[in-house]
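Asks: Have a look at this one before I ask anything.
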Amino acid sequence: MYIPPSYQNQNLDEVKDFIKNNSFGILVNETKGMPWATHIPLELEVRNNQEVLVGHIAKANPQWHTFKENPKVLCIFNGPHSYVSSSWYKEEEVPTWNYIAVHIYGKIKIIEGDAILNSLTNLVDKYEEASECPISISNLSKETMSQIKGIVAFEIEIQDIQAAFKLSQTRTEDHPKIIEELEQRGTGSKEIAKLMKK
């Protein structure tokens, strides 16, 4: 991904926190001779003392058929974003967009057996935590759990992480006005303002 140096975030702890909090990502590879993307949760986990991304897709999705012959994949994670009007600047300039995006390049492999159940348990437990009456994989019936046959689970060995945190770093003199304007707009804009304050 093209990232101007001012917007590169090389703080891996901050980037990993971002991935954990924005884990609904996009899995991209080449399938049937063209780019193919699937929108799915991609969870950052530790397996065999190594951080990996773990997920699953429907067996009906042809994307998984190329995992063995061409294991290179790209995972995209998006965060808050917002239009930034140049009318908020002290000097004339073009408008822009502030955003956070992380690209992870890696090598994918299909997982089977207990590893599938472990990844599904971790996924459900994470998102059920805030539920009033949380469900648990271990409490689901055999009949319901037979749906596992309809998925392909995988883990991705992380080979490269690229993170763009574009937060008007090159316009620090305009930060107060940009933040003030963003705070008056929608959810994404308010999130960007909060991050700019940090």
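Asks: Measuring from centroid to centroid over Cα atoms, what is the spacing of the range 3-45 and the range 75-127 in Å?
Replies: That distance is 5 Å.
Asks: Here's another thing I want to ask about it. Got the relative contact order for the range 5-172 handy, in percent, Cα pairs under 8 Å and 6 or more residues apart? Mind showing how you got there, number by number?
Replies: Details: 276 pairs, mean separation 49.7, N = 168.
Taking the mean separation of contacting Cα pairs over the length of the range 5-172, I get 30 percent.
Asks: Can you pull out the trypsin sites (Lys or Arg not before Pro) in the range 23-90 whose DSSP state is coil and whose Cβ has at most 13 other Cβ atoms within 10 Å?
Replies: Numbers: sites: Lys32, Arg47, Lys59, Lys68, Lys72, Lys90; in loops: Lys32, Lys59, Lys68, Lys90.
Here the sparse-neighbourhood loop sites are Lys32, Lys59, Lys68, Lys90.
Asks: Here's something else I'd like to know. Of the residues Asn78, Asn11, Asn49, which exhibits the maximal mean-square fluctuation in a Gaussian network model of the chain defined by a 10 Å Cα contact cut-off?
Replies: Comparing Asn78, Asn11, Asn49 in a Gaussian network model of the chain, the most mobile one is Asn49.
Asks: Any idea which of Val15, Ile100, His56 is furthest toward the positive side of the dipole for the chain, if Lys and Arg beta-carbons carry +1 and Asp and Glu beta-carbons -1?
Replies: His56
Asks: Which percent of Cα pairs goes in each bin when the distances of the chain are cut into 5 angstrom slices starting at zero?
Replies: Once binned at 5 Å, the Cα pair distances of the chain give 1, 7, 14, 16, 15, 13, 11, 9, 7, 4, 2, 1, 0, 0.
Asks: Let me ask something additional. Please work out how much length the chain gains when fully extended from Ile76 to Asn61, using 0.36 nm per residue of separation minus the C-alpha to C-alpha distance, in nm with one decimal. List each step's numbers first, then the result.
Replies: Numbers: separation 15, 0.36 × 15 = 5.40 nm, distance 1.86 nm.
Taking Ile76 through Asn61 to full extension adds about 3.5 nm, to one decimal.
Asks: Now for a separate question. Please compute the length gained on full extension between Glu51 and Glu30, using 0.36 nm multiplied by the number of residues separating them and subtracting their Cα-Cα distance.
Replies: Numbers: separation 21, 0.36 × 21 = 7.56 nm, distance 2.38 nm.
Going from the current span to full extension adds 5.2 nm.
Asks: For a Förster distance of 41 Å, can you work out the FRET efficiency between the beta-carbons of Gln10 and Glu143, rounded to the nearest 0.05? List each step's numbers first, then the result.
Replies: On the way: r = 48 Å, r/R0 = 1.18.
The computed FRET efficiency comes out at 0.25.
Asks: Under 1.5 on a/c is rounded, so check that first for the range 1-56, then, if it is not, pick prolate when a/b is larger than b/c and oblate when it is not; a ≥ b ≥ c are the square roots of the alpha carbon gyration tensor eigenvalues. Write down the numbers at each step before the final one.
Replies: Details: a/c = 2.07, a/b = 1.18, b/c = 1.75.
Verdict is oblate for the range 1-56.
Asks: Can you sort His39, His81, His56 by how many other beta carbons sit within 10 Å, fewest first?
Replies: Final ranking by Cβ density, sparse to dense: His39, His81, His56.
Asks: Please arrange Thr96, Thr121 by how many other C-beta atoms lie within 10 Å of their C-beta, fewest to most.
Replies: Thr121, Thr96
No value in this document is a laboratory result; all are computed from the given coordinates. As the structure is a prediction and not an experimental result, all values here were calculated from the model. Cβ atoms come from the backbone with ideal geometry, glycine included; neighbour counts cover every protein chain shown.
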